[in-house]
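**Q** Sharing a structure below in structure tokens format, with a few things to ask.
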Amino acid sequence: MKLNRRLFIGTGAAAASTLAAPMVHAGAHGKPRVIVVGGGAGGATAARYIAKDSDGAIDVTLIEPTRTYYTCFFSNLYLGGFKEMDDLGHSYGTLASDYGINVIHDWAVGVDRDTKTVTLAGGDSLPYDKLILSPGIDFVDGSVPGWDITAQNAMPHAYKGGSQTELLKAQIQAMPEGGLFVMVAPPNPYRCPPGPYERISMVAHTLSKINPTAKILIADPKEKYSKQGLFEEGWQKYYGGMIDRLGPDFGGGNVSVDPAAMTVDIDGSVEQADVVNVIPAQKAGRIAELAGVTDGNWAPVNPEDMSTKADPDVYVLGDAAAQGDMPKSGFSANSQAKVCANAVRGALTDSRVFPAKFSNTCWSLISENDGVKVGANYEPADGKISSTGGFVSQTGEDAALRKATYEESEGWYAGITADMFG
Amino acid sequence: MRSGFLKYGVAAFLAAALPASAQEFGDAAAGEAVFGRCSGCHQVGPSARNRVGPQLNGIFGRQAATVDGFRYSNAFQRAGAKGLEWHIDELDAFLENPKQLVPGTRMSFRGISDEGERADLIAYLRQYSDSPANIPEADPTAMATDHEVAPDILALVGDPEYGEYLSSECTTCHRVDGQDAGIPSIVLWPEEDFVIAMHAYKAKVREHPVMNMVAGRLSDEEIAALAAYFAKIESQ
Ligand SMILES: Cc1cc2nc3c(=O)[nH]c(=O)nc-3n(C[C@H](O)[C@H](O)[C@H](O)COP(=O)(O)OP(=O)(O)OC[C@H]3O[C@@H](n4cnc5c(N)ncnc54)[C@H](O)[C@@H]3O)c2cc1C
């Protein structure tokens, strides 16, 4: 090898000694142990990369209550009729059989950072050397007055994958002719910035086929939102007159709901609705809070390795992390997981640690074969993950480019799910 | 053996997909221009070498997946083992819709829908097959460099371990098993082709916003590292 290896190493010179057999840091208990909580975009990826790259030198346990993970990504395409629910479901079988990951289907209900153990709902208590939390989101109580989690059947959020998405679709299909769909959009920061607006596009697509006189109303506390120009151009083009959005100037931030009466009060004016999709304000999945690594709604992390500011042996990935500039997306969580996996492996086995680099691209579908995208890459700077440049699709792009962008998104979906689940 | 391949149920497909017109000979000179769509990955002619795709000399009558030194996808190895042999009909069907004849091929190409263009291309390729005497002493096929890369950059030896780490940015979209629906395959490319392509994205002489962004921040050493890793990746 001609190049000096150290050229490549951004962190620490320890790597010089690493070409020999990995040195393993484990206390009295044999192999070092990593526990990953949450088998989603961040957690499944982290577990897979640590297991794959450490070749059995690290004991990896993945704790995830569900046996089938239904992606939120592409769930809007299910609402639009472009995907089936089965297309969105992924199991953990390969992670267990091909990567030797110990997959436990249970909830983590507690973390004791002093004794370094995770407690499961089933009662067991598991020790870790490094703990990675990627629990996704929970909702902030009271953020939409009148709504709480017990109202999710009347007014679904469909902001976690699976049954909520199915419920929302069934409600849309059952709308009376000319009925009203209302979305209560979330305040920043929330998972998938373009997600609510892609959803509006896909709901409009479905309604324009089965219920063309139906109307869609968005109550939005935000002045601006992701890919706004692109969405508005598309809505005008495909769904003219169907969609109305009330931003904060028109009271979109002053909303309460009555799930029993199916009404939405927007700044004092009451709408009787047929479907109400309430996407509340969000916070880190509760286990992050229980672990004591959150500050406010999210868990602050160090941008070099995703370790929490609170505890160097506890890492938080994905939506739950307060990391800086990255949007909360599956792509981001997957990207952060690989940086974290490299760092955790390095810390436990002295394998080489490379500089953190992150990236994200989010595709959205506006109508059939009309895809757009936005992306950026990121590196640690100023104590956070900072953007180093990006791009966004342009308004007025031709149909061939938009179709290619959609096809690319399908390739991405296949790619990221293979990267998560093997 | 051709019949061996047909035994496996492809006969019906070939019969349906291949009207008699495939037997008509195209115009080899016109086919040279059509070959421009292939030359990004394939070479043909006296100095042809394996690149992203195998070299195409002597393709007529050859069993699929048997060019020396080229690492084929599992799908192509299977098709070859089942007896797929390249003749006009097979080439025509493959060129029309590669994924239909060989599902799982790494060849990122949609196919050529125009029958005449396919016939021209096949006529062009045929020149390099009949017998050595018929192969013209033509100029070597132009290398598919759409971008000049300085020799010292091409000569960099990549660090595959760093490449493996960096590759995790690629594998969010590009699949390590070589499947390429919607997103091209990047596994098992010759290092030089990989390096040239990435520098073309970096310099924005190849347009693709995601790739321009990804390549934009990679150093010369990082590109070499990625090329070294992806050139040798074991299929997973
Ligand atoms: C409508 C919609 C569209 C979207 N579209 C896109 C898109 O196109 N592209 C994109 O990149 N992103 C998209 N996203 C965002 C993406 O889904 C999330 O950002 C991503 O899933 C975050 O990954 P994560 O690992 O943080 O959380 P998740 O993927 O939500 O995974 C969290 C996992 O943790 C488990 N869990 C939670 N608590 C516990 C516990 N106590 N014990 C054990 N397990 C627990 C959960 O069961 C869950 O499986 C979209 C989101 C929505 C809602």
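Only the coordinates and a few stated rules stand behind these numbers; no lab work does. Owing to the predicted nature of the structure, the values given are computational and were not obtained by experimental measurement. When we count neighbours, we look across all protein chains shown, and the Cβ atoms used for this are built from the backbone with ideal geometry, even at glycine.
**Q** Select from A:Val270, A:Asn297, A:Ala337 the residue farthest towards the positive end of the dipole of chain A; place +1 on Cβ of Lys and Arg, -1 on Cβ of Asp and Glu, and compute about the Cα centre.
**A** A:Ala337
**Q** Give the aspartates and glutamates reachable from A:Lys227 as a straight Cα distance under 15 Å; neighbours fewer than 8 places away on the same chain don't count.
**A** Within the straight-line limit of under 15 Å, A:Lys227 reaches these aspartates and glutamates: A:Glu198, A:Asp370, A:Glu397.
**Q** Would you kindly give the portion of the calculated P(r) for the range A:292-420 that falls above 22 Å, as a percent of all Cα pairs?
**A** 43
**Q** Placing +1 at every Lys and Arg Cβ and -1 at every Asp and Glu Cβ, with all other atoms neutral, what dipole size does the range B:151-231 have around its Cα centre, in debye to the nearest 20?
**A** Dipole size: approximately 400 debye.
**Q** Compute the semi-axes of the equivalent ellipsoid of chain A, taking the square root of 5 times each eigenvalue of the Cα gyration tensor, and list them largest first in whole Å.
**A** After diagonalising the Cα gyration tensor, the semi-axes are 40, 24, 19 Å.
**Q** What does the extension gain come out to for A:Ser387 and A:Ala174, with contour length at 0.36 nm per residue minus their alpha carbon separation?
**A** Answer, rounded to one decimal: 72.3 nm.
**Q** May I ask for the net charge around A:Gly40, where only other residues with Cβ less than 15 Å from the Cβ of A:Gly40 are counted and Lys, Arg are +1 while Asp, Glu are -1?
**A** Surrounding charge for A:Gly40 is +3.
**Q** Right, something else. Given B:Lys99/B:Lys204; A:Lys83/A:Lys403; A:Lys403/B:Lys202; A:Lys83/A:Lys215, which pairs have Cα atoms separated by over 19 Å?
**A** B:Lys99/B:Lys204; A:Lys403/B:Lys202; A:Lys83/A:Lys215
**Q** Just grab the label-to-label distance for B:Ala203 and A:Asp311, each label 7 Å out from Cα along the Cβ direction, in nm (one decimal).
**A** Computed distance between label sites B:Ala203 and A:Asp311 equals 5.2 nm.
**Q** Still on this structure, please answer the following. With all pairs of different alpha carbon atoms counted, what Kirkwood hydrodynamic radius in Å does the range A:145-278 show?
**A** Radius from the Kirkwood sum: 14.9 Å.
**Q** Quick check on the range B:141-223: take the gyration tensor over C-alpha atoms, sort the square-rooted eigenvalues as a ≥ b ≥ c, and tell me if it's rounded (a/c under 1.5), prolate or oblate.
**A** rounded
**Q** Quick check on the protein assembly as shown: helices-only [θ] at 222 nm, where DSSP H runs of length 4 and up contribute -39,500 (n - 2.57) each and the sum goes over total residues. Nearest 500, please.
**A** -9500 deg cm²/dmol
**Q** Using a 7 Å offset from the Cα along the Cα-to-Cβ direction at both A:Ser125 and A:Gln272, what is the distance between the two label points in nm, to one decimal?
**A** Distance between the two pseudo-spin positions: 5.8 nm.
**Q** So what is the relative contact order for chain A, in percent, with contacts set as C-alpha pairs under 8 Å and at least six apart?
**A** Relative contact order here is 19 percent.
**Q** Continuing with this model, one more query. Taking beta carbons within 10 Å but only from partner chains, what does the mean come to for residues B:214-221?
**A** Shielding by partners across B:214-221 averages 3.
**Q** Could you give the Stokes-Einstein D for the range B:28-127 in µm² per second, using the C-alpha Kirkwood radius, 4 °C, 1.567 mPa s?
**A** 96
**Q** As an exercise, identify the trypsin sites (Lys or Arg not before Pro) in the range A:375-422 lying in DSSP coil whose Cβ has no more than 11 other Cβ atoms within 10 Å.
**A** none
**Q** So, one more: Pull up the cross-link candidates among the aspartates and glutamates for A:Lys224, meaning alpha carbon to alpha carbon under 12 Å and not fewer than 8 places away within one chain.
**A** A:Glu232, A:Asp249
**Q** Here's something else I'd like to know. Check cross-link reach from A:Lys222 to the lysines: straight Cα distance under 29 Å, and skip same-chain residues fewer than eight apart.
**A** Those lysines meeting the cut-off are A:Lys160, A:Lys169, A:Lys237, A:Lys283, A:Lys328, A:Lys373, A:Lys384.
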